[in-house]
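S.K.: Quick one: structure below, then a few questions.
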Amino acid sequence: MEKTKETGDDKNPVVAPISTGAGTKPNIPRHLRNNKQRQADWELWAFIPQCELWQAVALSLDLEPPEYPHEVRGWPDEYERRLKIAAAHVESNHLAHNKVGCENVDLPVFSAWAQTLGWSLPDRFPCAGATQPKAPSAATTKKYLTKQQIITAFEGLHFTAEQWSKYLADAPKWLKVCREQRGSKSATALWNPVQIAVALTGSPGNIPVKKLDAVFVAHSFLKHWTDDWRDASEYLR
């Protein structure tokens, strides 16, 4: 039975619980706990393709979004800074948003866009082209592309062949995340064409999806990447 004590006057006693000293930890929401406890739950977010813009910004800092944005408390100034930048880029169409509503963004596209700004992202932040192949045999038939194949495929889409050659040789951050294997004296660097195509839909390319569809149809060496490209770009259609 719960112990109680009486307070107040004789006519209006107030009954209150008495602490027994065996209390439990308070149920503090994740976003109000210390840094270690409010880390993003990547066991969940790694499998969620889309979310609201403010949630994507929170995840970019490895912070677990609360249920509502007004519940954010005590977060670093970098969160507000990134949120303002992201909102401005959505407003100016430099950051693609979901056609269902401007508050929703695709996390892989957000990742590629953030890389163009030099933002650091958590290792498990969803990246473009990270979906699993539909059949086990697909992994054995797909091959990452060489520098020359990338130039052949994407020449004229925002960059000339000469510009592509330059950027592939010394990749900026947005392009570096699309590289699957670094080059060496004995081997060429290898690239993921789906990640490159998704990155080109945002800033600075803003290439229409239909033009990128044509790239995957026009070149035989991209045949086995068509399904992956369809999956990665589905929300843009």
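The values are calculated or read from the model by the stated rules, or taken from the named source; none is laboratory data. Worth saying up front: this structure is predicted, and the values here are computed from it rather than measured. With ideal geometry, Cβ positions are generated from the backbone for all residues, glycine too; neighbour counts draw on all protein chains shown.
Conditions (1) surrounded by 13 or more Cβ atoms within 10 Å (Cβ to Cβ); (2) over 13 Å from the mean Cα position of the chain (by Cα); (3) at pLDDT 90 or above; (4) of a type in the set (Lys, Arg), marked per residue:
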position: Gln50; (1), (2), (3), (4): yes, no, no, no
position: Ser60; (1), (2), (3), (4): yes, no, yes, no
position: Glu80; (1), (2), (3), (4): no, yes, yes, no
position: Leu83; (1), (2), (3), (4): yes, yes, yes, no
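S.K.: OK, next. For the range 87-113: of the residues being in contact with a strand residue (DSSP E or B) (Cβ under 8 Å, 6 or more places away or on another chain) and modelled with pLDDT of 85 or more, which is nearest to Leu44 (Cα to Cα)?
M.R.: Residue satisfying both the conditions and the ranking: Leu107.
S.K.: Here's something else I'd like to know. Can you give me the number of residues within the range 168-191 that are closer than 13 Å to Lys147 by Cβ and surrounded by 15 or more Cβ atoms within 10 Å (Cβ to Cβ)?
M.R.: 9
S.K.: Additional query: Please identify the pairs in which a residue from the range 55-71 that is closer than 12 Å to Arg82 by Cβ has its Cβ atom under 7 Å from the Cβ atom of a residue that is acidic (Asp, Glu), counting only partners at least 6 apart or on another chain.
M.R.: Every condition considered, the pairs that remain are Leu61/Glu78.
S.K.: Also: Under 6 Å between Cβ atoms, which residue pairs at least 6 apart in sequence (or on different chains) link something in the range 218-232 that is more than 22 Å from Val109 (Cβ to Cβ) with a partner that is among the polar types (S, T, N, Q) and buried (at least 16 other Cβ atoms within 10 Å of the Cβ)?
M.R.: Once the first residue is more than 22 Å from Val109 (Cβ to Cβ) and sits in the range 218-232, its partners that are among the polar types (S, T, N, Q) and buried (at least 16 other Cβ atoms within 10 Å of the Cβ) give Phe221/Gln149.
S.K.: Can you tell me which residue in the range 215-237 is nearest to Pro193 (Cα to Cα), limited to those that are β-branched (Val, Ile, Thr) and surrounded by fewer than 18 Cβ atoms within 10 Å (Cβ to Cβ)?
M.R.: Step by step, filter the range 215-237, then rank; the result is Thr226.
S.K.: Going residue by residue through the range 3-11, is there one that turns out to be among the small types (Gly, Ala, Ser) and at pLDDT 85 or above?
M.R.: Checking the range 3-11: not a single residue is among the small types (Gly, Ala, Ser) and at pLDDT 85 or above.
S.K.: Just wondering, is there one or more residues in the range 199-213 that are surrounded by fewer than 15 Cβ atoms within 10 Å (Cβ to Cβ), out of contact with any Leu (no Cβ under 8 Å at 6 or more places or on another chain) and without any contact (Cβ under 8 Å) to a residue 24 or more places away in the chain?
M.R.: yes
S.K.: Also, I was wondering about something else. What number goes with the only condition from (1) modelled with pLDDT of 50 or more; (2) in contact with a helix residue (DSSP H, G or I) (Cβ under 9 Å, 6 or more places away or on another chain); (3) loosely packed, with under 14 Cβ neighbours inside 10 Å that His70 does not pass?
M.R.: If we test His70 against (1) modelled with pLDDT of 50 or more; (2) in contact with a helix residue (DSSP H, G or I) (Cβ under 9 Å, 6 or more places away or on another chain); (3) loosely packed, with under 14 Cβ neighbours inside 10 Å, just (2) comes out false.
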